[in-house]
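Right, one structure below, let's go through it.
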Amino acid sequence: MTNIIKPKPGIMDIELYVGGKSHAVGVENTVKLSSNENPFGPSPKAKDAYIKQSDSLAVYPSSDHSALRLAIAENNGLNAEQIICGNGSDEIITFLCQAFASVGDEVLFTEHGFGMYRICALGVGATPIVALEKERVTNVDALIDCCTANTKLIFVANPNNPTGTFIPLSEIERLINGVPENTVVVLDGAYAEYIEGYDGGAKLVEKYENVVMTRTFSKIYGLGGLRVGWGYASPVIIDILSRLRGPFNINRAALSAATAAVNDEEYVKNCLLHNRNLGDFLINEIRNLGFKCDDTFANFILPRFSDEKQADAVNDTLEKDGLIVRQVKGYNLHNCLRITIGKEADCFRIIASLKKFKGSPL
Ligand SMILES: Cc1ncc(COP(=O)(O)O)c(C=O)c1O
């Protein structure tokens, strides 16, 4: 009775997603810097809102997410009717693939693009196509060259994970104008809040019917554990995606916490300031130690080592020192490690450990 149960074509091509490690065996005082979480967690107001929901656990959550959509709209200058909320932005990515791609279609993304694009494309039987980047930066010309009549979706994370690099909105608009107007272009803004004044592409959504922006509460809002994300798109795309959304896809505690989080602008501002200062500190120190590292536009850095062997050795040293970072071999970045910008003490520990590795004085 073997070989009887078979999934649809494409499913067995999906490699299981490997998340950031959270433990190092036998090491004490570990800190997890492997999943780009906010080291300070969420706003205290979000925590209070979450706890208050413990009195209403028997009651189904809102199915139209109106309070959360309104709060997102007000705080970002958007139209609430054009927002769809998901169980993490992963769910919005899933809806997009379910809605727009199928067998024989292509889903295009960048060389070091976020892993869920491939998983979701294969999940619906579509063919993932990869456009090369230029020195770890999204290359619009390569994306346009790879776009064919079969390309139904293009995903661009800006800033990108795991590279941390960013391209200006003028480049994104050049991409939109360089592809057919029935190809859906998704601007993944999971890290958009880390760039002050950047709208994640919202204005482009309002200008072009085929453009979608996705955002998340998992990063600067510190709510990765609750799973809340959202998408912003033209009414026609929101209508399509809404047909796929389960009525209660976000639980009431998560809705409540996310609403409080997006209303606490001051908290987000402080997290942003902290992230920028410590990001600059880490990158400077790392470069002073002789390692290469691009500027970052997000809450993580991606130092590059001489080769995979050295990256593995640095990873071992960090892990023994209780610092759990992310290996990014699955993103074809074998000589790199992705390190979330943690609290100040975590950043000092990273540098001390790297100095130890180099044999430099601490
Ligand atoms: C670029 C990018 N997009 C989307 C996501 C998914 O975020 P979530 O599903 O937690 O909203 C992540 C998470 O790491 C990401 O890095």
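When you go through Lys269, Lys343 one by one, which is the residue that is within 24 Å of the chain's Cα centre (by Cα) and under 15 Å from Val31 (Cβ atoms)?
Numbers: Lys269 fails: under 15 Å from Val31 (Cβ atoms).
After applying the criteria, what remains is Lys343.
Can you name the residue in the stretch 160-189 that is more than 19 Å from the chain's Cα centre (by Cα) and of a type in the set (A, V, I, L, M, F, W, C) and is also farthest from Thr340 (Cα to Cα) among such residues?
Narrowing the stretch 160-189 to residues more than 19 Å from the chain's Cα centre (by Cα): 170-171, 173-183.
Subsequent filtering for residues that are of a type in the set (A, V, I, L, M, F, W, C) retains 175-176, 179.
Working: Leu175: 29, Ile176: 31, Val179: 34 Å.
Once the filter is applied, the top-ranked residue is Val179.
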Return the only residue of Gln82, Gln98, Gln53 being touching a Lys or Arg at 6+ places or on another chain (Cβ under 8 Å) and either at negative phi or away from the ligand (no atom under 13 Å from the Cβ) (or both).
Gln53
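Can you name every one of the strands (runs of 3 or more DSSP E) wholly within the stretch 103-159 that holds 1 or more residues which are within 16 Å of the chain's Cα centre (by Cα)? First the steps, then the outcome.
Numbers: elements: 106-110, 127-131, 151-157.
The qualifying strands (runs of 3 or more DSSP E) are 106-110, 151-157.
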What is the number of the single condition among (1) within 16 Å of the ligand (Cβ to nearest atom); (2) surrounded by 13 or more Cβ atoms within 10 Å (Cβ to Cβ); (3) among the hydrophobic types (A, V, I, L, M, F, W, C); (4) not assigned by TED's automatic domain parsing to the domain that holds Ala257 that Val18 does not meet?
(2)
Restricting attention to the stretch 221-243, report how many residues are surrounded by fewer than 23 Cβ atoms within 10 Å (Cβ to Cβ), within 16 Å of the ligand (Cβ to nearest atom) and assigned to a loop (DSSP other than H, G, I, E, B).
3
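Across the stretch 45-80, what is the number of residues that are of a type in the set (A, V, I, L, M, F, W, C) and either free of Cβ contacts under 8 Å to residues at least 12 places away in the same chain or not in a helix (DSSP H, G or I) (or both)?
Number satisfying all stated conditions: 7.
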Looking across the stretch 171-208 at residues that are in contact with a helix residue (DSSP H, G or I) (Cβ under 8 Å, 6 or more places away or on another chain) and of a type in the set (Ser, Thr, Tyr), the single one that is farthest from the ligand (Cβ to nearest atom) is Tyr208
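Here is a yes/no grid of residues against (1) without any contact (Cβ under 8 Å) to a residue 12 or more places away in the chain; (2) aliphatic (A, V, I, L, M); (3) not assigned by TED's automatic domain parsing to the domain that holds Pro303:
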| site | (1), (2), (3) |
| --- | --- |
| Pro128 | no, no, yes |
| Leu132 | no, yes, yes |
| Thr138 | no, no, yes |
| Ile144 | no, yes, yes |
| Ala149 | no, yes, yes |
| Asn161 | no, no, yes |
| Pro168 | yes, no, yes |
| Ile195 | no, yes, yes |
| Asp199 | no, no, yes |
Just checking, does the stretch 15-35 include any residue being more than 16 Å from Leu323 (Cα to Cα) and in a helix (DSSP H, G or I)?
no
Would you check if there is a residue in the stretch 277-287 being in a loop (DSSP other than H, G, I, E, B), of a type in the set (Asp, Glu) and farther than 23 Å from Asn87 by Cβ?
no
Is it the case that some residue within the stretch 302-313 is surrounded by 20 or more Cβ atoms within 10 Å (Cβ to Cβ), under 21 Å from the mean Cα position of the chain (by Cα), assigned to a loop (DSSP other than H, G, I, E, B) and within 16 Å of the ligand (Cβ to nearest atom)?
yes
Conditions first: (1) buried (at least 21 other Cβ atoms within 10 Å of the Cβ); (2) in contact (Cβ under 8 Å) with a residue 40 or more places away in the chain; (3) assigned by TED's automatic domain parsing to the domain that holds Ser22. Ala260 passes all but one, so which condition is the exception?
(3)
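The values are calculated or read from the model by the stated rules, or taken from the named source; none is laboratory data. The model shown is predicted, which means the values in this text are computed figures rather than measured ones. Glycine gets a Cβ as well: all are built from the backbone with ideal geometry, and neighbour counts include every protein chain shown.
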